[in-house]
1. Taking the Cα of residue 220, stepping 7 Å toward and past its beta carbon, and measuring to each backbone N in segment 158-193: which are under 15 Å?
2. Angle, helix 14-23 long axis vs. longest principal axis of the chain, Cα atoms, 0 to 90°, nearest 10?
3. Which three numbers, in whole Å and largest first, are the semi-axes of the equivalent ellipsoid of segment 189-264 derived from its Cα gyration tensor as √(5λ)?
4. On average, how much area does the Cα convex hull of segment 125-175 cover when viewed from any direction, in nm²?
5. Express the Stokes-Einstein translational diffusion coefficient of segment 43-82 in µm² s⁻¹, to the nearest whole number, given a Kirkwood radius over alpha-carbon pairs, 10 °C and a viscosity of 1.306 mPa s.
6. Sort out for me the Cα centre separation of segment 40-68 from segment 135-180, rounded to whole Å.
7. Please give the peptides 84-91, 114-121 ranked by average Cβ packing (other Cβ atoms within 10 Å per residue), highest first, as a rough proxy for protection.
8. What percent antiparallel are the DSSP beta bridges of the chain, to the nearest 5?
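Computed from the coordinates by the stated procedures, all read-outs in this text should not be read as laboratory data. A quick note: this is a predicted structure, and the numbers were derived from the prediction, not measured. Counting neighbours? That spans all protein chains shown, and the Cβs are built from the backbone with ideal geometry, glycine included.
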Ligand SMILES: Cc1cc2nc3c(=O)[nH]c(=O)nc-3n(C[C@H](O)[C@H](O)[C@H](O)COP(=O)(O)OP(=O)(O)OC[C@H]3O[C@@H](n4cnc5c(N)ncnc54)[C@H](O)[C@@H]3O)c2cc1C
């Protein structure tokens, strides 16, 4: 059987893509390794319009139900490769040795936040270590936090957090931030933002309740309740590398105004 569409990824992009494909009567299959994707791991989502506050898993279970009720098929599996066939269709191979054919592919594989790789980072993930200020910032009202990174994301996250928290410490590895000057100048004017240059985090410190500090390369212990890591992210696009799609410097696929890649 040939699918009209195979969607790779079962997160907040892939599941609605399946729901819409079904509404257009396209025979579609969603293949996702982690049902619900990244949002399914969020303990509390407070920016989903119409839902004041709900666990990420609850929201994503409903996304999955919606796709299924609409007519999408679902397979929990890891896609290992996508190949182009002589008839211009695609062959999708999974790690459980299943193979499917589809006329079109939607890649909704998300991305992975880069980690610092320091002691305590994994232990306190979700208990004070976060990779998304807009997602988790609200949990640190009037508390002290650190943002790690010197790019645009780090500085804009610090500006956002400064409106909620007591103090935001920005830790920058080099003697200058990489972010655009406009963001740096804005942040420098904010009273509760403190820049720490040539400063690296060496260990996340904490107790049962969660994070309570950061050990720095200067030997100092910075007392903070939350740590926001903002050192970039990498997209999961290697499964289509053999098709040689155009990518940008970050490894993200370049798409046109129809969200199509350079691979027909
Ligand atoms: C802890 C946490 C809390 C968050 N909280 C919020 C919040 O409160 N509000 C908010 O707006 N955003 C939040 N986010 C961000 C939000 O989760 C992401 O923006 C969103 O998940 C992106 O959706 P996506 O579908 O593009 O990718 P993802 O959710 O990452 O889904 C990718 C999907 O692709 C699958 N996949 C990848 N590679 C393969 C492969 N080779 N084969 C098969 N499947 C594959 C994955 O298993 C997964 O199912 C949070 C993120 C995290 C990590």
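1. Once the point is set 7 Å along Cα→Cβ of residue 220, 167-175, 193 turn out to lie under 15 Å by backbone N, inside segment 158-193.
2. 40
3. Square roots of five times the eigenvalues give 40, 16, 13 Å.
4. 3.4
5. The Stokes-Einstein estimate is 132 µm²/s.
6. Between the Cα centres of segment 40-68 and segment 135-180 lies a distance of 26 Å.
7. 114-121, 84-91
8. Beta bridges within the chain, antiparallel portion: roughly 45 percent.
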